[in-house]
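The values are calculated or read from the model by the stated rules, or taken from the named source; none is laboratory data. Note that this is a predicted model, so its numbers are computed, not measured. Cβ sites come from the backbone with ideal geometry, for glycine too, and all protein chains shown count toward neighbours. Ligands, DNA and RNA are stripped out before the accessible areas are found, and what is left, the full protein with its side chains, is counted by its heavy atoms. Shrake-Rupley method; radii C 1.70, N 1.55, O 1.52, S 1.80 Å.
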Number of protein chains: 2
Amino acid sequence: MDEQTHQPASDRVTLRRRNQRAEYDPAVVRAILDAGVVAHVGVQTDEGPIVLPMAYGRTDDTIYLHGSAANSMLRAARRTEICVTVTLVDGLVFARSAFHNSMNYRSVVIRGEARPVDDLEEHGDALRIITDHVVANWDDSRTPTTAEIRQTMVVALPLTESSAKVRSGDPVDELHDLDGPHWAGTVTVRRAFGPPVAAANLVAGIGVPAEIARVFGEPGSP
Amino acid sequence: MDEQTHQPASDRVTLRRRNQRAEYDPAVVRAILDAGVVAHVGVQTDEGPIVLPMAYGRTDDTIYLHGSAANSMLRAARRTEICVTVTLVDGLVFARSAFHNSMNYRSVVIRGEARPVDDLEEHGDALRIITDHVVANWDDSRTPTTAEIRQTMVVALPLTESSAKVRSGDPVDELHDLDGPHWAGTVTVRRAFGPPVAAANLVAGIGVPAEIARVFGEPGSP
């Protein structure tokens, strides 16, 4: 990786601590966003910060969030600074000393001003992008009506001010602990998806869409 | 459940939307916290909100967070309003209409002022509680020195102002879509832990601690 080409976009997304774990390569940021399922979105309010989990989707340069038009937090977020964080826990790291216990993880932090998406075409595109983020099923669903699209608020945040942090591998203990009596090692953590299960009220004869079967396997029993 | 006994502690943790999914029962809040691995912690800064993933642990009435004493975000958080959010994704919910796609999840939001933990006894207790949150291995590790404890900053947040939100089950489609041609169903999502794997530099003859083996199974190969 050419370090020279991947500098942080701003001071506020520059990692100060453990900066050997920092990644400013957009490809790393995108890969972590693609592997995540929910983002944690932070907004400032008069009563302190609020952090809520939200679905999301991305293009090469933008992350989209959506919520009901009645969602007061997302309404408050428009045209204000927000922070979008996506974290994947990859492992538990047990050191010889509890002080050096850690986790293996990949995380992305994106900061910037949330832009309301009002253009109907971008709005529809964004909903498709969010719907297709984990598995592409937009084309296999009933298309939203214009009224439904209008009930769904979308905000966009540029990926410009983003940084990633990645930790992997074994615990790092003090040298004087290495020949001590304590165990050290890791436990991998991953997200496991079950097979698709039809809704109880699904009418007979409708098969699982091919893309859902491809990603999550053959249908299971309820 | 006696609804009368579980009212929200404040207006700012009262769910306004989808409030049939709200839970103010402390037992529900605690169970979600116990099942989570990382919290997403939001803090206000002069440059907008920042949200970072952090390890945590809880007692019956308090959640503890820790970080390096050099962690500028955690330092800034002390004696200010913060928000701690823990989310477990339990499933993907595919509706007949993309508009009704959803996720099954359990989440907890805790708001309040972060209290710096300066008392040495509470500080040590909190580190043990955080260490033992996912699996109890404090007693099987080398005990931290006083210097190590002092390098680790701990903040406490009361669980008083907390709320949970839980969604489970099948998609909820429009009535007129129920006999349409589109599939509907769910895919379960769970966190899977691998077997414990010894660190590459572990000296021979040290077995996996019993509690780690009990929770994560017998040791695997690297």
**Request:** First check a/c for the stretch A:96-198, with a ≥ b ≥ c the square roots of the eigenvalues of its C-alpha gyration tensor; if it is under 1.5, answer rounded, and if not, answer prolate when a/b is larger than b/c or oblate otherwise.
**Result:** oblate
**Complete:** Per-residue accessible area, 1.4 Å probe, largest first, puts A:145, A:160 in the order A:160, A:145
**Prompt:** How much solvent-accessible surface does residue A:47 expose, in Å² to the nearest 10, with a 1.4 Å probe and all protein chains in place?
**Reply:** 100
**Prompt:** Is the shape of the protein assembly as shown rounded, prolate or oblate, going by the alpha carbon gyration tensor and its root eigenvalues a ≥ b ≥ c, with a/c under 1.5 for rounded and a/b larger than b/c for prolate?
**Reply:** prolate
**Request:** Could you tell me what percent of the accessible area of chain B is made up of carbon and sulfur, with a 1.4 Å probe and every protein chain present?
**Result:** 48
**Message:** Can you give me the C-alpha center-to-center distance between the stretch B:66-80 and the stretch B:156-199, rounded to a whole angstrom?
**Reply:** 32
**Request:** Give me a single rounded figure for A:146-155: the average over its residues of other chain Cβ atoms within 10 Å of their Cβ.
**Result:** 1
**Asked** Residue by residue through the stretch B:69-85, which ³J(HN,Hα) values in whole Hz follow from phi under the Karplus form 6.51 cos²θ - 1.76 cosθ + 1.60 (θ = phi - 60°), with glycine and proline marked x?
**Response** 4, 8, 6, 5, 5, 5, 4, 5, 6, 4, 6, 10, 6, 10, 10, 10, 10
**Item:** Under 5 Å, built H, 5+ apart or other chain: amide partners of residue B:90
**Value:** B:104, B:105, B:106
**Message:** Averaged over its residues, how many other protein chain Cβ atoms are within 10 Å of peptide A:92-105's Cβ atoms?
**Reply:** 6
**Message:** Given Cβ point charges of +1 (Lys, Arg) and -1 (Asp, Glu) and nothing else, what value in debye, to the nearest 20, does the dipole of the protein assembly as shown about its Cα centre take?
**Reply:** 140
**Request:** Would you mind telling me which residue in A:206, A:63, A:32 has the biggest mean-square fluctuation in a Gaussian network model of chain A, where springs connect alpha carbons within a distance under 10 angstrom?
**Result:** A:206
**Prompt:** Leaving out ligands, DNA and RNA but keeping every protein chain, what accessible area does residue A:54 have, in Å² rounded to the nearest 10, with a 1.4 Å probe?
**Reply:** 10
**Message:** Taking the full set of protein chains and a 1.4 angstrom probe, give the accessible area of residue A:105 in square angstrom, rounded to the nearest 10.
**Reply:** 40
**Message:** Within 10 Å of each Cβ in B:56-63, how many Cβ atoms from other chains are there, averaged over the peptide?
**Reply:** 0
**Asked** Hey, quick one: spin label on residue B:143, modelled 7 Å out along Cα-Cβ, who in the stretch B:65-104 has an amide N within reach, i.e. under 13 Å?
**Response** none
**Item:** Per residue accessible area of the protein assembly as shown, 1.4 Å probe, in Å²
**Value:** 45
**Request:** Mind telling me which of A:207, A:57, A:42 comes out most flexible in a GNM of chain A, alpha-carbon contacts under 10 Å?
**Result:** A:207
**Message:** I want to verify a result. In a Gaussian network model of chain B, Cα cutoff 10 Å, which of these has the top mean-square fluctuation: B:70, B:55, B:114?
**Reply:** B:70
**Request:** Nearest 100 Å² is fine: how much accessible area is buried between A and B, summed over both sides, with a 1.4 Å probe?
**Result:** 7100
**Fill in**
Quick note, chain A: a/c under 1.5 would make it rounded; otherwise a/b > b/c is prolate and the rest oblate (a ≥ b ≥ c, C-alpha gyration tensor); here it is oblate
